[in-house]
1. Looking at ALA45 and the list (1) assigned to a helix (DSSP H, G or I); (2) touching a residue at least 40 places away in the same chain (Cβ under 8 Å), which single condition is not satisfied?
2. Within the range 193-218, can you find the residues that are closer than 23 Å to HIS232 by Cβ and modelled with pLDDT of 65 or more?
3. Here are some residues: PHE118, PHE105, PHE27. Which one is part of a helix (DSSP H, G or I), more than 21 Å from PHE246 (Cα to Cα), of a type in the set (Phe, Trp, Tyr) and out of contact with any Cys (no Cβ under 9 Å at 6 or more places or on another chain)?
4. Answer yes if at least one residue in the range 138-159 is part of a helix (DSSP H, G or I) and either modelled with pLDDT of 85 or more or touching a strand residue (DSSP E or B) at 6+ places or on another chain (Cβ under 6 Å) (or both), and no otherwise.
5. Is one or more of the residues making up the range 290-304 buried (at least 17 other Cβ atoms within 10 Å of the Cβ), part of a helix (DSSP H, G or I) and modelled with pLDDT under 90?
6. Kindly establish whether PHE16 is open to solvent by 10 Å² or more (accessible area, probe 1.4 Å) and either without any contact (Cβ under 8 Å) to a residue 40 or more places away in the chain or under 25 Å from the mean Cα position of the chain (by Cα) (or both).
7. Quick check, is THR32 under 26 Å from SER252 (Cα atoms) and either open to solvent by less than 10 Å² (accessible area, probe 1.4 Å) or at pLDDT 90 or above (or both)?
8. Which residues, counting only those in the range 60-81, are more than 15 Å from LEU9 (Cβ to Cβ) and not hydrophobic (A, V, I, L, M, F, W, C)?
Amino acid sequence: MRILDKYILKEFLGPFLFGVAAFTAIFLGADTLLKIADYVTKYGASSTAALKIFILALPRIIVYTFPMAVLLGALMATSRLSGSSELIVMRTSGQSFSRLVMPIFILTFLISLCAVAFNEYVVPWTNRKYEQVINIEIKRNLNPGVTDHVILRDVQNGKIAHLLYARRYNPENKKLENITIQEFQNEAVIRVENAPNAVWKDGKWFMENGTIYDEMTIRELFTARKAYEAAHEDATAIVMEIHRRFSLPFASFVFGLVGAPLGVQRERSSSSIGFGLSVVIIFVYYAVMTFLEALGKGHVISAVAAVWLPNLIALICAVYLIKRVNQ
C-alpha cells in the first residue's frame, strides 16, 4: 500500500470511528436508555439486567450507525484535504480524484461485507437474548401473550427436519391456529401438512427455537418465506427483511461513494458544516427509505424495489458527484 493511500485512510478512520461512537450514543440516548429507565421504575429491573439489555441492544444499533459513520468519515476526510489544498497538490501529480479516494471506497466496501456478516450471525442472536432478558429476567413473564406468525424449527444434525408455521398462538387455551408443517429431507421439502388448529395437551410448549421473522438469520428467513407461501400468507414482510439484510449494510459503501466527492470544496469549510451536511443526508435517506418501505408493505411497489431504491438513488447521486469532481 502506498504512503498516500495510508495517509488518506488515516484521515477517514478518525471521523469514521467518531461517527460510530456519536451516532450510537444518540440512538442509545433516544431509545434504549429511556426503555431501561422505564424497566427499572416499572418492573424494578436489577442493575445486572439493565446492563445486559444495554449491551445486547448495541449490535442492532451499530448496524444502522455504520452507514452514517461512513458518510461522515468520507465527507470529513476529503473536506479536510480539500480545505487545506492538499487534494489539489495530490492531483497535480496526475492522480485522478477517483484514484486518490479509492482506498476509502475499498475500505467502505469491506465494511459493508463485514456488516452483512455481523447482521447475519450476531444481531439475530443478541435480539433473541435481548427479548429473553426483558421477558424472563425483568417482566418475569414466561408465558407470552397472543402471538401472530409463530415459526418453530426442528433442527437435527445441523439441518432443518421440520418447520411449523402457525398464524396465531393463544396462551389462554394453548392453541396454535392455521398450521402448516413442512417436512425436510436433505434441506428439501418432501411433505406439507395443513391443519386448522392444534393444542398441546400433555406437557408444555417449548418456544426456545421459535422466533419472529426479524430475529432470524438470512437462511432462516428463506425457510420462513417458504412456510408463509405454503400457508398462503402474505410473505411481503419476509421478502423485504431478506433484502434489507443486504441493502442496509451496503448503504455503507454507497454512503462512502457519496461522501467522498461531496466533501470536496473550493473554499475552506469547518468540521461542523461537514457534520451538519452528513446529518441532513442521513435524514433524507432514512425518510425516503421509510416512505418506500411503506409503499412496499402496501403493495404499491414491489418489495425488492422498496428496499433497494434508496441505495440506487444514492448510487446515482454518487456517480454524478464523482464525475463532476473528476472533471
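1. The number of the failed condition is (1).
2. GLU193, ASN194, ALA195, PRO196, ASN197, ALA198, VAL199, MET216
3. PHE27
4. Yes, the range 138-159 contains a residue that is part of a helix (DSSP H, G or I) and either modelled with pLDDT of 85 or more or touching a strand residue (DSSP E or B) at 6+ places or on another chain (Cβ under 6 Å) (or both).
5. No, there is no match, as no residue in the range 290-304 is buried (at least 17 other Cβ atoms within 10 Å of the Cβ), part of a helix (DSSP H, G or I) and modelled with pLDDT under 90.
6. yes
7. So THR32 fits the description; yes.
8. ARG60, TYR64, THR65, PRO67, SER79 - these are the residues of the range 60-81 that are more than 15 Å from LEU9 (Cβ to Cβ) and not hydrophobic (A, V, I, L, M, F, W, C).
The values are calculated or read from the model by the stated rules, or taken from the named source; none is laboratory data. All values reported here derive from a predicted model rather than from experimental measurement. Cβ: placed from backbone, ideal geometry, glycine included. Neighbour counts: every protein chain shown. Just so you know, the surface numbers come from the protein's heavy atoms only, side chains and all, with ligands and any DNA or RNA stripped out. Shrake-Rupley method; radii C 1.70, N 1.55, O 1.52, S 1.80 Å.
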